[in-house]
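The values are calculated or read from the model by the stated rules, or taken from the named source; none is laboratory data. Being a predicted model, the structure only gives us computed values, none of them experimental. Heads up, the Cβs are rebuilt from the backbone with ideal geometry, glycines too, and the neighbour counts pull from every protein chain shown. When the accessible area is computed, the model is the full protein with side chains, heavy atoms only, and any ligands, DNA or RNA have been set aside. Shrake-Rupley method; radii C 1.70, N 1.55, O 1.52, S 1.80 Å.
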Amino acid sequence: MTGPVWSQLVGQEPAVEVLSAAARSAAALVAGETADSGAMTHAWLFTGPPGSGRSVAARTFAAALECSTGTGCGECTGCRTSLAGTHADVRLVVPEGLSISVAEMRALVQTAARKPTTGHWQVVIIEDADRLTEGAANALLKAVEEPPERTVFLLCAPSDHPDDVTVTIRSRCRLVTLRTPPPDAIARVLMERDGVAEEMARWAASVCGGHVGRARRLATDEDARKRRDAVLRIPLGLRRASDVFACADDLISTAEADAGEESKARDEAEQDALRTAMGSGGTGKGVAAAKRAADAAVRQLEKRQKSRATRTQRDTLDLALVDLAGFYRDVLVTGSGAQATLNHPDRAEDSAVAARQWTPASTLRRLEAVLACREAIEWNVKPRIAVEAMVTTLREG
Amino acid sequence: MTAPATTPPPLHLVLGEEELLVERAVRGALDAARLADPTADLTRTRVSELTPPVFAELVSPSLFSEGRVIVLEAAQECSAEIADAVLGYVAQPADGIVLVVLHSGGGRSKAAKSLPTALKKVGAVVTECAKITKPAEREAFVRNEVRRAGGRIDAAGVLALIDAVGSDLRELAAAAAQLVADSGGSIDEQAVRRYHRGRADVNGFMVAEKAVAGDRAAALESVRWAQQIGVPQVLVADALADAVRTIARVSAAGRGNPNQMAGELGMPPWKIRKAQGQSRGWSAGALAEAMRVVARVNAEVKGAAADPDYAVERAVLDIVAARERR
């Protein structure tokens with residue numbers, strides 16, 4: 001028996017089973033029916049490929065824990081506020097910048113030590129736990145190992161590989177692995193929840209690579225579809241030497257535009273709000289000193305905003321690179337005659353053409369170049385330099 | 001300045017940001033004031049810390065009318081009320097007071113921007129101290145310094161001195177004065193080399209230029225100099241990347257008139273012209289290889305390599321090797 005709130009999790013039946021059992025044990029624990037914690041534990045690590053719903057899983061589980069009528073009705077205040085991230089006892093850490101700092105985690109440990117106020121559990125959710133710096137992870141260790149009785153930590157990361165989550169954190173958590181949701185489940189969710197037409201939903205589910213959010217974006221956003229088309233035209237569009245730079249320019253400027261568009265309006269609003277809070281526009285004695293303090297605060301805000309913009313830019317670029325890598329993988333699959341599902345079924349003709357033109361070795365070299373570019377961007381290489389080097393290799397093979 | 005001037009000019013305007021020259025102008029004004037009144041003292045205040053009443057106090061005549069030199073620093077930051085106070089004062093200057101206004105020439109507010117013009121109109125003595133950026137200006141400065149110290153220097157000596165000492169004017173002035181004292185007045189390249197060796201100014205662009213020209217020995221030499229004087233490796237790596245990319249872009253665009261290509265490539269014509277010249281020794285394959293090398297070194301200097309110095313050196317060697325392989 002699982003509560004209705006779990007329908008949020010698309011195509012994750014095994015994980016839902018584990019989590020709802022834990023929620024039932026937790027409810028029994030809170031009610032005082034038993035002292036045995038049963039299927040419940042104090043720290044969980046959700047892993048799975050991007051888009052499989054790690055953070056959704058964490059929020060849903062939090063909702064099930066805070067549910068006031070049972071174990072996840074999806075209707076009561078506890079469930080709704082947990083899902084929306086506004087529950088007083090559910091602390092959400094959603095990094096917008098490039099990393100999570102030690103200071104942030106130390107403050108978090110303090111709040112995690114409190115008793116729940118309105119709900120049953122004090123829940124701490126760290127989305128993108130892979131962005132914890134080493135110091136931040138260490139600051140968290142003690143709290144994750146032995147939290148107070150009614151505190152539970154929910155961490156989300158792409159995998160439990162030591163590159164993503166330090167082994168010390170990993171060993172203190174129970175692991176819940178989410179799988180890539182099947183296309184049918186994604187299509188169904190798009191149709192039912194977002195009201196997308198069936199044809200579009202099926203298409204989006206087939207090309208999204210198991211990423212629910214991406215499927216939704218592709219199904220509902222014309223620009224996203226255009227951008228994807230532009231990226232997938234690159235492999236066969238590199239004829240003349242100057243195409244290399246045109247394509248690289250395209251990739252970079254879309255990423256920059258994306259970051260710029262999204263952040264500009266937000267940045268200004270935030271700065272205005274901060275200035276108002278710091279008493280801008282005042283007159284009289286002491287204004288100069290107050291203004292200096294305000295300027296310092298604004299500068300700090302600008303720094304955070306810059307970090308956020310960089311991340312948006314990188315994420316957009318990464319999305320394009322993943323699409324590209326998928327295409328080369330399709331070429332390899334087609335060339336080998338395997339019947340595996342393609343990443344971009346709508347581009348099957350292109351990948352067939354490419355498979356005839358290129359040797360598997362050169363396709364593999366191109367695939368490697370895409371992956372190397374992703375890695376280089378991770379290393380903080382200027383995107384333009386990394387992308388141009390990659391596209392050069394894509395043309396050469 | 002041998003004959004004591006009876007009244008020093010009451011208002012100086014020092015325009016520009018070249019610190020050494022500004023200091024000299026202030027010193028000059030103070031010396032002139034002391035010729036008239038040996039007890040004249042110097043007061044320096046930043047305009048941003050000044051209020052109109054404080055300013056009025058500074059420039060109000062005193063009982064025994066001692067000489068005073070008031071220096072207003074960073075006048076480009078002044079507010080409208082201070083600007084008004086200054087202009088109000090200079091219309092009726094007090095006896096024995098010399099006002100020196102230091103202004104960068106810029107300024108944010110309208111009052112700050114228009115202050116120099118207003119001061120010039122009331123007859124301020126203007127000293128221009130613009131930042132020296134062009135090589136020719138720097139050479140003229142060195143020649144001037146040597147002449148001030150009472151010596152002579154030939155053209156080769158000037159170049160050698162700038163090469164060895166760098167572009168900091170204070171250091172150049174000190175070195176010039178020292179050289180005149182040591183060499184007895186007449187300075188040539190040999191005299192400079194006797195006291196100075198090494199190169200003070202090596203930047204990433206010099207390294208990159210030599211690397212893409214295929215000059216292995218010169219490129220390595222400048223890499224080592226850059227390491228020696230502490231040029232950040234990231235800058236060298238960026239310059240390498242920029243040089244290679246520019247050549248690749250320009251040669252991919254094909255032959256053409258630089259002025260017409262400028263808009264299309266988004267680069268200034270001189271850069272295109274230079275890259276067209278450099279691209280002669282490069283084949284398409286070699287450029288592709290070099291692009292990969294610069295992308296690699298860019299990651300390496302940002303932490304991917306254990307030793308960024310070595311990574312830069314290897315990248316330079318690889319670029320030269322790629323060019324030769326064609």
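Is one or more of the residues making up the stretch B:281-301 in contact with a Phe, Trp or Tyr (Cβ under 6 Å, 6 or more places away or on another chain), within 9 Å of chain A (Cβ to nearest Cβ) and modelled with pLDDT of 85 or more? Yes, there is a match, as at least one residue in the stretch B:281-301 is in contact with a Phe, Trp or Tyr (Cβ under 6 Å, 6 or more places away or on another chain), within 9 Å of chain A (Cβ to nearest Cβ) and modelled with pLDDT of 85 or more. In the stretch A:71-89 there is at least one residue that is more than 21 Å from A:V189 (Cα to Cα), in contact with a Lys or Arg (Cβ under 8 Å, 6 or more places away or on another chain), buried (at least 20 other Cβ atoms within 10 Å of the Cβ) and not small (G, A, S). Within the set A:V176, A:V212, the sole residue that is modelled with pLDDT under 90 and surrounded by 17 or more Cβ atoms within 10 Å (Cβ to Cβ) turns out to be A:V212. When every residue of the stretch A:346-367 is checked against the conditions, none turns out to be assigned to a helix (DSSP H, G or I), open to solvent by less than 10 Å² (accessible area, probe 1.4 Å) and either within 11 Å of chain B (Cβ to nearest Cβ) or within 21 Å of B:A241 (Cβ to Cβ) (or both). The listed residues are B:A305, B:A321, and the only one of them that is at pLDDT 90 or above and more than 9 Å from chain A (Cβ to nearest Cβ) turns out to be B:A321.
Any chance the stretch B:243-252 includes a residue that's in the same structural domain as B:L220 (by TED's automatic domain parsing), surrounded by fewer than 20 Cβ atoms within 10 Å (Cβ to Cβ) and at pLDDT 90 or above? The answer is no; no qualifying residue exists.
Restricting to the stretch A:317-343, what's the tally of residues that are in a helix (DSSP H, G or I), surrounded by 19 or more Cβ atoms within 10 Å (Cβ to Cβ) and among the polar types (S, T, N, Q)? Looking only at that region, the number is 1. When restricted to residues that are of a type in the set (D, E, K, R) and either outside the structural domain of B:S251 (by TED's automatic domain parsing) or surrounded by fewer than 20 Cβ atoms within 10 Å (Cβ to Cβ) (or both), the stretch B:293-312 contains 3.
Checking each residue in the stretch B:224-265 for being within 10 Å of another protein chain (Cβ to nearest Cβ), of a type in the set (G, A, S) and within 24 Å of the chain's Cα centre (by Cα) picks out only B:A237. Taken together, B:R170, B:R143 contain a single residue that is open to solvent by 30 Å² or more (accessible area, probe 1.4 Å), out of contact with any strand residue (DSSP E or B) (no Cβ under 7 Å at 6 or more places or on another chain) and modelled with pLDDT of 85 or more, which is B:R170.
Going through (1) in contact with a Phe, Trp or Tyr (Cβ under 6 Å, 6 or more places away or on another chain); (2) open to solvent by less than 10 Å² (accessible area, probe 1.4 Å) one by one, A:R54 falls short only on (2). Restricting to the stretch A:135-172, name every residue that is among the small types (G, A, S) and crowded, with 18+ Cβ neighbours inside 10 Å. The answer is A:A136, A:A137, A:A139, A:A143, A:A157. Filtering B:P61, B:P116, B:P93 for residues that are in contact (Cβ under 8 Å) with a residue 12 or more places away in the chain, in contact with a strand residue (DSSP E or B) (Cβ under 8 Å, 6 or more places away or on another chain), surrounded by 15 or more Cβ atoms within 10 Å (Cβ to Cβ) and assigned to a loop (DSSP other than H, G, I, E, B) leaves a single hit, B:P93.
Scanning the stretch A:112-134 for residues that are under 20 Å from A:L45 (Cβ atoms) and exposed (fewer than 14 other Cβ atoms within 10 Å of the Cβ) turns up just one, A:E134.
Selection within the stretch A:17-42: residues that are charged (D, E, K, R) and farther than 15 Å from A:E149 by Cα. The member of this set that is most open to solvent (accessible area, probe 1.4 Å) is A:E33.
Given the structure, is A:L371 out of contact with any helix residue (DSSP H, G or I) (no Cβ under 6 Å at 6 or more places or on another chain) and either outside any helix (DSSP H, G or I) or at pLDDT 90 or above (or both)? Spelling it out, A:L371 is indeed out of contact with any helix residue (DSSP H, G or I) (no Cβ under 6 Å at 6 or more places or on another chain) and either outside any helix (DSSP H, G or I) or at pLDDT 90 or above (or both).
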